[in-house]
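Below: the structure, in C-alpha cells.
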Amino acid sequence: MTTSPAVPRTKTSVNNPRPSPQWWLALAGAVLLIASAFLSWCYVPALLGDLSIDAFPGGLQILMIIVAVLAIFFLVLRSGRMPSMDTLLDSAKALKALSATAVAFMVLVAIVIALQAPGLANANPGLFVGIVGAALMLAGSWQMASDPLVDPITVRLPGWVEILVIVVMMAIILFGAAYALGQEDGTVFCLFLVFLGGVVAALARGGLFSWISVIAARHRQVLMMGALAVAFLFPFTQNGSDANMSIATQVLIFATTALGLNIVVGLAGLLDLGYIAFLGAGAYVSAMMSHSAFAHIGWKPPFIVVVIIGAIVSSILGLIIGSPTLRVSGDYLAIVTLAFGEIFRLTVNNLDGNNGPRLTNGPNGIPGIPDLEFGAFNFGDTHTVLGIPLGRFANYYFLMLIVAGFIILVFTRLNNSRIGRGWVAIREDEKAAEAMGVNTFGLKLFAFAGGAFLAGMAGTIKAHQDVSVTPDQYIFLESAFLLAAIVLGGMGSVAGVLVGATVLKLLPEKLRFVADYRLLIFGLLLVVMMRFRPEGLVPSRRRALEFHADDQELADRVEEVHLEIAADPDTAEAKA
Amino acid sequence: MDLFFQQLLNGLTLGSLYALIAVGYTVVYGIVQIINFAHGEVFMIGAFGALATWTVLFQGQTSLWVLPVMIIGAVAASVVVAVLMERVAYRPLRHAPRLAPLITAIGISVFLQEAIRLFYPGAKSAMPFPRIDIVTGAALQLGPLTVRRSAIFTIGSLIVCAALLWYFINRTKLGRGMLAVSQDKDTARLMGINVDRIIAVAFALGAALAGVAGVAQGLQNNNIDFFMGFLAGLKAFTAAVLGGIGNIMGAVLGGLVLGVVEAMAVQFIPGTFGGSPWKDVWAFALLIIVLVFRPQGLLGARVVDRA
Amino acid sequence: MQRSIIRLGVPLAVAALALSACGSRSESTSSSSGAATKVAKIGVIAPLSGGLSAMGLGIKNSVDLAIKQANDSGAVAGWKFELYALDDEAKAEVGKNAATKISSDDAVIGVVGTLNSSVAQQTMPVLAAAKIAQVSPANTNPSLTQGADAANKKRPYNNYFRTCTTDAVQGPFAAQYLLGQGIKKVATIHDKKTYGQGLVDAFTVEFKKGGGEIVAAETVGENDKDFATVISKIKPSAPGAIYYGGEYPTAGPLSQQMKAQGLTVPLMGGDGIFDPKFIELAGATATGDMATSVGAPTDSTDAGKKFLNEYKAAGYKEDASAYGGYGYDAAKAIIEAAKSALKDAKDVKSARDAELTALGKVSFDGVTGKVAFDEFGDTTSKILTVYKVDAGKWIPAKTDTFK
Amino acid sequence: MSTQTLQQPAPPKFGAPVLEASGVVMRFGGLTAVNNVNLTVREGEIMGLIGPNGAGKTTFFNCLTGMYKPTEGEVKFQGAVLPPKPRAVVKAGMARTFQNIRLFGNMTALENVMVGRYCRTNALAFTSIIRGPKYHREEAESRRIAQELLDFVGLGHTSEHLARNLPYGDQRRLEIARALATDPKLILLDEPTAGMNPKETEQAKDLIFRIRDKGLAVVVIEHDMRFIFSLCDRVHCLVRGETLIEGSPHEVQSDHRVIEAYIGQPDEDEEELVAEAHAHDHETPPTAPTAPASPASDLTKEDRA
C-alpha cells in the first residue's frame, strides 16, 4: 500500500486543475466566515460570552476564524503551492470535515440564540453572514476529489521540523486546555467541544495525525518531555485561581490510579474490579498515620515513610487477594476483586471500636488531615512563583505530577521489557506462554500486587489532598469509573488513559446541566465503546489488533511502523 | 436452640432468594461462559415490572388472585430486558476478548439502574411494594418458630421453579439442546442446533427466575428500589460460584448455604466481629475461601481455565 | 459523515428560523439593572442531582426564597444578595470543587450547606481558608463543631455554623420521652451511618442514665432489605420499644417487618424518619411509631406556616423537604449577620471577618424555632417535638424544651 | 549457550540417554489414553512417534512436557524425575511445539522468539525499570540470540513481521525457533509438517537434521510415513495408547501390525493432498485430523475456550 512519492505527484496534476470554480467558492466561504466573526452575531450581550460587539470577535467567533484559516490553509495546499505537503495531507477530506463543522457550529449558535435570547429576532446580520459563509465552504468542498497520498512513514523531514511540530502541538494542547477549563457556561463549553471535535476530525481525515503519530514514534523522548512541560506549565495559565486546579489535581490523581490499574488490565490482561480499594488502603494508612485529631495510630512517621508503608500495605492486600484467585479462571478474578472491594468498604466502615478495633472511625471517616509539609514548604499555603500565585491545589498538582511521571516511567519501561513481553505472551495464549517457560503465575501476581502498590502510593497523597477519608469515597462505582477511564482511553496505552481520565472527570464538572443523567450516559458509553470501538480512543497498536483480529490492513500497517521504527536504533524504545 | 432454628429458617428464606437469582448466572455461564453482571439488574427490573403491573391493573387491590398476574408481569419485564440485553450487547461480542462482555455488563447494569431511577415515577427513593393479604401480613407461630407468610412464598417458589427448570432441561427438546450447546457449541451447531436461539433461551430462563425472585423480595421486604439489584446480584453470583458455576443444582445449594451462613453470622459470631455489619464480609470471605480450596465449587465439575 | 451532518443541520436550521417567529427583540436581560448597588453572593452547596437531590433542591429553593425576600425588603442598604448554588452530588470530592470555586469568588459572603456531614468535612477547610461563613442546615455529626473527642470540645473551624441540632440533643430527648412513657426496656438499631450511630449513642447514654435498660443493640447494613435475622435476634429480649437511628428508607421496611414477625412494639427514631414516606413504606402497622424533630411543628408555629405559604406562593417545582426550613433559617442568619457586617464595608472580601463574628451573635425567631449559635457554632435552639403515627399521619404528641 | 552449539560438530549417534519415560499411564476418568508406555531418547537421536489418530501421541507428549501429570509411571530427564510443571520442564531443557500452532499472534516474530528466552534471562521488574548496563547487555544478548535463531530457521528477514501474518509454513518454523530459544537439550515436535507442501516438508526435514547436528535430541510426531522413515533413527509406534513396536525405521516399516493399525484410517496420500491444498492458500492451518472422542482433542477444545 506504500505508494512511491512519484505516483501522486502526477495524479495531483491530473485531477487537481489549478483553482477551479468550486475552489474559489470554498475560498469565498472561508473569507466570508472570517468577515462574519468581526460582525455582531447576537443582540443580547449576556448570551454565549457576548457576541454582540462589532470588530471585536468574541471567544466563539475566534473559533470560527480558526476554522476558516485552517480551511484556507488546506485550499492553498490544494492549489498545489506546496507539493510536498500536498501529497502528505488529504486536503479534500479535511476541507469537507472543516466546512461541515463550520455549518454545524453556526447552526447550533443560531439555535442557542433562538432558544435563549429568545427568538432569532435577536440574531444580528453577522450570524447569517457566517452561516452563508459556512454553507459556501461546504458547497465548494462538497465535490472535491481526494488525491492519493504517500504513506507518512516514507516522508522524512529534517529533525528540527519534526520536533517543532511536536512542540507546536503541545503548545496548542496547553492553551486549548486552559481555554476549555476557562469556560464557565455549559453551552459555550459544548460549542467549544463541537469545534474541537470537528477540527480534530478534519485533521485526522486530512491524515495529519497519522503523520504526527509517526513523528511522535520517532521522537518519543521529545514527546514525553513536551507533554511533561505542558502539564507543568498548566497551573501558570490559571493566574492564581484554584478553582480549576482542584479539578486538575483530581483528574491527575484519578489518572495516576487508572495508570496503575492499566498495568493490571491493559498489560497483564487481568480484570480487577476492586482496584479502588487499593487506593483506599493507601489513603487510610496515610490518614491514620497523619496528625489528624481523629487518627488513632500513635506513630507519626515522616510522610515519605508513610507513602512507602501505604504502598506496601495495599500491595500486601493485593497478594492476599491475588494469590488464591490468580490460579483459577480470569472470570473468577473479576468477581473476587469485586467482592474484595466490598469487603474493604464494609471493613473500614466497621472498624470504629463498636465493631472491630477502633481504627477508621467507621462511617465518619478521618477528617481534618493536615496539609503536607516538606521542610518549610507547606502545601496548604499559596506560593508565588514568577509573580503568579500558586494555591494549595497547585502544590498538590505538582506533587501528583511527579508521582504520575514515576508511574508512567514504570509503565512504559515494564511494557517493553522481558516482563512486558511475558505479560503480552500470557494475554495472547497463557498455555503456550507456560510451555515456553514463562512464569505465568508469578508474572500475573506481580502485575496485580504492583498495580496495588502504585495505587497505594497515590492514595497516601490523596488523603492529604482531600483533607478527609470516608468509606463512601471507595465504592464499586469508583472502580468501575477507573476501568471506564482505561476502556475509554485505550487499554495498554498511557496517552489513552490520560485522555480517558480527563474526559471522565472533566466533563461532569463542566456539563452540570446533564448532571442527573451523567451515570446513565456513562453506562451507555461503556456498552457503545465495547461494541464499536473496544480498543478505546487512543489504543496501543497491539490492543487495536487484538480487538480487530480480522483487520488485515491494520496489521500490515503496524508492521510497517515496526519495520520503519526498527530501522533507526535510537528509537528502538518506541516499539509498541 | 429455638433461635438456631429460627435463624436457620431466616437463612433458608434469604438463601432461596439468592438461589433464584443465582440460577440465572449459572445457566448463562454454563452456555456462553460469560458472567452476566447485569443479571442483578434483571432481578430489579422484575420487581419493578410487578409493581408496574399492579399499579396499572389493580391499584389498591390486595386479594391473592392478583399475585399470579403480578408474577407474569415481573417475568415478562425481566425476560424482555434480558433477551434485549443479549441481542444488543452480548451477541456482537461473542468472539471478542473476555474483557469486552464483562465491561459491557457493568455498563448495562449502571444504565438499567439509572434508567429506573430517572424514568420510573417515584423510583428516586425506595418504593412500597403492594401487600397481598394472604402472603404478607402477620406471621404464623409454629411452636417457638415465627414463620413469615412471605417466607413460605419465597421458599415455595424456589421449589416450584427448580422443579420446572429440572423438567425443562432434562425432558424437553430445547433443554437437551441447551445441554448440548453447553458441552460444545461448534459440534452442537453442526448437529443443526440453533445456537443463537439456545443462548437467548438461556438468558430468558435466568431472567424468568430472577423476575419471580423480584416479586418474592418485594413481598418479603415490602419495598423495592433501583439499587436492590447490585448487592443481590453480587451475593447471587457468590452463591453460583459457591455451588459450582455452570451447575444448576449447585447454584440452588450455594444460595441456601450462603443465606444460612449470613443468618448464623448475625446470630452466633460473638464479639465485635459478629453481628449484622460483618455478615456481608463473612459471605464474601466464604467465596474467597471456597475458591482457594475448591475452585470448582461445591457441586461443580473441574473448571477449565479459560485464561 | 458530512452528509449526515447536513441531513441533521438543514432541518435544525429550519426549526431555528421557525423559532425566530416567536420571540421579539427583547431588551437585554443582563444584570445591568441595579448596577448602583453592590452585590453579595450567598452560596449553596447541596446535592442538586442524584439520589438526594430532593432534599438538596428543597434547601436551594428555600435559600433563594430568603434572598428574594431580603432584596425586596432591602435588608442591607446599598447591597443586593444573589444566589450562587453549586451541586455536590452528595460526594465529598465534588463538594470540595464547589467550595474551591466559591472561595475563588470575592463576592461570596456566606455559604448554606452541606447536606452530608462527609461533604462538609471537605468543604469546611477550603471555605475557612477564605474566611467564608458556612451555615449547614442538615449536618448532624457532632465532631464538625466539637472536634475529635467529646470530652474536651474544640471547635475545628470558626467559620462553620449549623441551624439543625446535633444528634447529641435529639437522642436524649427521645430517651426522656420513652422513659416518661414508662418504657424501661429498649432495643436499639442503627444503620452505622454518622447520623444514625450518633443518634443511638446519645440515646443510649441518656436512657441508661434515666434507669432504662438497653436489652439489645444491633446494626443493619445500608443496603440491607431483609431484617428478619436482626429482628429474630432482638425478639427474645422482649423490648418495650425499638429506637432506630437512621433514615426512613430503611426505617419504614424495618417497622413493617418487625410487626410482621410479631414484634409488635413501637419504633422510634429521629428527624431522619420524620417523613410521610416512612408511613408509606411502613404501611398500616406503622401506627404508634414515633419520631423526634427539632423545633415546634413547622405548620404549628406562625413562622412555619408563613414560610410554607410563601414557599408555595413562590411556585418552586420541588417541595421544601425536611431541611427546607433549616436552609431558610441558615440564609436568614447569614443575611442578619450581613446587616452589621456589610453596612459600611467597601467590598465583601473585607467584610468576611466581621460577618463571622456577627454570625456568632445573631439571634432571631426563625422557621424552626429560635436561631442563635453557641461558642461551637451549634444552634442553641433546644425545642423539640415528638410525633406519633396515627391514621397514616404524623401527629405532634409532645413539644418541649430539652434540658 | 546456543551460540556455541551453532558451531558444534554433529555428535556421535546414540549418546547418553536424555529422556527416559517408563511405564507412563494417563487416564481421563474412565478411558485410558496412554497405557504403560516406555520411551528412551538419546543425545543426537531423532525419535519418531507414529500411530493412527487418537492413539494418544499428543497426550503422551503432554505427559512428557508436564502439561499433564501421568496417572502412573515416571518421566526422567537426564536422570532426574521432572516435576509435572511445564515451566520446570522447559527450564530443565525440554522444549516443544504444538500440533495446532500456538504462536503469540500479535507479537512480532522476533518478540515471539525472545519470549522463548524468558526462562534463560532474569531481569526483574526493578532492573527493567532502572535499566542499568547489565539490563541492556542482557536485553541485547537475547535480541541477538533471537535474531540468530530466526536466521537459523530461515526467517531472519521476517523478524519484525507479526506472527499472525506469516505464511503457515513459516509459522511452524517460527514455533521451532521459539522452542530453540529456550536452549533445550531435547525438542519435541508435534506434527511439524502438518499442512506443508513437499518443498516445505523437505526444508523441515533439513531443519530437523540441522537441529540434531546442534547436539539436540529430537522427538517427532508425524502422520507422514515417508517423512518419518526418511528422517528418524528410531520409530516408536503407538496404537490405542499402547506401544505396538519400537525399532529402526526399517523394522517398523516392515511390521505388518503397523500396516493393519493404519487400515481404516484416512489414507496418507489423501491426507497429504488436503494438507497441500491448505499449504497453498497460506491462510488457515488445517485442524489436525483427530476424532472428537480422542483425548488428544481436549487440548484443542481448550484452545477454542
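Values in this text are rule-based calculations from the coordinates and carry no lab data. What you are looking at is a predicted structure, and each value in this text was computed from that prediction instead of being measured. With ideal geometry, Cβ positions are generated from the backbone for all residues, glycine too; neighbour counts draw on all protein chains shown.
With an 8 Å Cα cut-off and a minimum separation of 6 or more residues, compute the relative contact order for the range B:1-116 in percent.
Details: 78 pairs, mean separation 33.0, N = 116.
Rounded, it is 28 percent for the range B:1-116.
Can you give me the relative contact order of the range C:168-288 as a percent, contacts being Cα pairs under 8 Å and 6 or more apart?
Working: 217 pairs, mean separation 32.8, N = 121.
Across the range C:168-288, relative contact order equals 27 percent.
Which FRET efficiency value, to the nearest 0.05, is calculated for C:Lys208 and B:Leu8 with the Förster distance at 45 angstrom and r the Cβ-Cβ distance? If you can, show how the numbers build up before the last one.
Working: r = 34 Å, r/R0 = 0.75.
With R0 = 45 Å, the Cβ-Cβ based efficiency is 0.85.
At what distance in nm do the modelled label points of A:His296 and A:Trp24 sit from each other, each positioned 7 Å from its Cα along Cα→Cβ?
About 8.4 nm, to one decimal.
Of A:Ile388, D:Gly29, A:Asn361, whose Cα points farthest to the positive end of the dipole of the protein assembly as shown (charges on the beta-carbon: +1 Lys, Arg; -1 Asp, Glu; origin at the Cα centre)?
Of the listed residues, the answer is A:Asn361.
Can you tell me the FRET efficiency between A:Ser323 and B:Arg189 if r is taken as the Cβ-Cβ distance and R0 is 45 Å, rounded to the nearest 0.05? Could you put the intermediate results ahead of the total?
Working: r = 39 Å, r/R0 = 0.87.
Once rounded, the FRET efficiency stands at 0.70.
Quick one: net charge around A:Phe398, please, counting Lys, Arg +1 and Asp, Glu -1 for every other residue with C-beta under 14 Å from its C-beta.
Values: positive: A:Arg392; negative: A:Asp242, A:Asp371, A:Asp381.
Taking every Cβ under 14 Å from that of A:Phe398, the sum is -2.
Suppose a student asked you for the relative contact order of chain C, using Cα pairs under 8 Å spaced at least 6 residues apart; what percent would you report?
Values: 839 pairs, mean separation 69.2, N = 403.
It rounds to 17 percent for chain C.
So how strong a dipole does chain B carry about its Cα centre when Lys and Arg Cβ are +1 and Asp and Glu Cβ are -1, to the nearest 20 debye? Mind dumping the intermediate values first?
Values: 20 positive and 12 negative charges, 122 e Å.
The calculated dipole for chain B is roughly 580 debye.
Are there any helices in chain C, counted as whole DSSP H runs, that stretch 15 Å or more along their axis by Cα and score at least -0.5 on average by Kyte-Doolittle, and if so which?
C:2-21, C:53-72, C:92-103, C:117-129, C:167-180, C:194-209, C:324-342, C:348-361
Set the Förster radius R0 to 51 Å, insert the Cβ-Cβ distance between B:Thr62 and C:Asp374 as r into 1/(1 + (r/R0)^6), and round the FRET efficiency to 0.05.
Details: r = 51 Å, r/R0 = 1.00.
My answer for the efficiency is 0.50.
Under a GNM of chain B (C-alpha, springs under 10 Å), which listed residue has the highest mean-square fluctuation: B:Ala74, B:Ala216, B:Ala283?
B:Ala283
So which of C:Lys91/C:Lys154; A:Lys431/B:Lys185; A:Lys444/D:Lys57; A:Lys462/C:Lys60; C:Lys185/C:Lys388; D:Lys85/D:Lys214 end up more than 24 Å apart by C-alpha?
Working: C:Lys91/C:Lys154 26 Å; A:Lys431/B:Lys185 22 Å; A:Lys444/D:Lys57 32 Å; A:Lys462/C:Lys60 30 Å; C:Lys185/C:Lys388 19 Å; D:Lys85/D:Lys214 26 Å.
Beyond 24 Å: C:Lys91/C:Lys154; A:Lys444/D:Lys57; A:Lys462/C:Lys60; D:Lys85/D:Lys214.
Label 7 Å along Cα→Cβ of A:Ile304; the range A:445-459 residues with amide nitrogen under 15 Å?
Under cut-off, by backbone N: nothing.
Among C:Ile231, C:Gly198, C:Gly212, whose Cα sits farthest toward the positive end of the charge dipole of the range C:151-285 (+1 at Cβ of Lys/Arg, -1 at Cβ of Asp/Glu, about the Cα centre)?
Going by the charge dipole, the pick is C:Gly212.
Sort B:Arg91, A:Arg518 so the one with the fewest other Cβ atoms within 10 Å of its own Cβ comes first.
Values: B:Arg91 13, A:Arg518 18.
Arranged by neighbour count, lowest to highest, B:Arg91, A:Arg518 become B:Arg91, A:Arg518.
Where does the range B:23-229 land on Rg/Rh, using Cα atoms and the Kirkwood Rh? The partial results should precede the final answer.
Numbers: Rg = 18.3 Å, Rh = 18.0 Å.
Taking Rg over the Kirkwood Rh, I get 1.02.
Can you put A:Cys190, D:Cys237 in order, fewest other beta carbons within 10 Å first? If you can, show how the numbers build up before the last one.
Values: A:Cys190 17, D:Cys237 24.
By the 10 Å Cβ count, ascending, the order reads A:Cys190, D:Cys237.
In whole Å, what three semi-axes, largest first, describe the equivalent ellipsoid of chain C built from its Cα gyration tensor (square root of 5 times each eigenvalue)?
On the way: eigenvalues 335, 152, 76 Å².
Computed over chain C, the values are 41, 28, 19 Å.
Just to confirm a number: summing +1 for Lys and Arg and -1 for Asp and Glu over residues other than B:Leu142 whose beta-carbon lies under 13 angstrom from that of B:Leu142, what do you get?
Working: positive: B:Arg148, B:Arg149; negative: B:Asp2.
That sum, taken over residues with Cβ under 13 Å, equals +1.
List, in the order given, every pair from C:Lys332/C:Lys382; C:Lys41/C:Lys131; C:Lys259/C:Lys398; C:Lys41/C:Lys68; A:Lys300/C:Lys153 whose Cα-Cα distance in the structure shown is over 21 Å.
On the way: C:Lys332/C:Lys382 19 Å; C:Lys41/C:Lys131 14 Å; C:Lys259/C:Lys398 25 Å; C:Lys41/C:Lys68 12 Å; A:Lys300/C:Lys153 23 Å.
Exceeds cut-off: C:Lys259/C:Lys398; A:Lys300/C:Lys153.
Quick test of the membrane-span-like rule: which DSSP H helices of chain B reach at least 24 Å along their long axis (C-alpha atoms) with mean Kyte hydropathy at least 1.0? Walk me through the numbers on the way to the answer.
Values: long enough: B:2-32 (44 Å, 1.29); B:39-58 (28 Å, 1.30); B:66-85 (28 Å, 2.71); B:99-119 (30 Å, 1.59); B:149-171 (33 Å, 1.29); B:195-221 (39 Å, 1.27); B:248-268 (30 Å, 1.92); B:276-293 (26 Å, 1.70).
For chain B, where a helix must reach 24 Å along its axis and average at least 1.0, the hits are B:2-32, B:39-58, B:66-85, B:99-119, B:149-171, B:195-221, B:248-268, B:276-293.
Of the residues C:Ala151, C:Ala129, C:Ala175, which exhibits the maximal mean-square fluctuation in a Gaussian network model of chain C defined by a 10 Å Cα contact cut-off?
Taking springs between Cα atoms under 10 Å, the residue moving most is C:Ala151.
Convex hull volume of the Cα atoms in the protein assembly as shown, per residue, in Å³?
Working: hull volume 317.7 nm³, N = 1591.
In the protein assembly as shown, the Cα convex hull volume per residue is 200 Å³.
For each pair in A:Lys93/A:Lys510; C:Lys305/C:Lys370; A:Lys510/C:Lys349, compute the distance between the two Cα atoms and list the pairs where it is over 22 Å. Intermediate values should be presented prior to the final figure.
On the way: A:Lys93/A:Lys510 31 Å; C:Lys305/C:Lys370 15 Å; A:Lys510/C:Lys349 26 Å.
Beyond 22 Å between Cα atoms: A:Lys93/A:Lys510; A:Lys510/C:Lys349.
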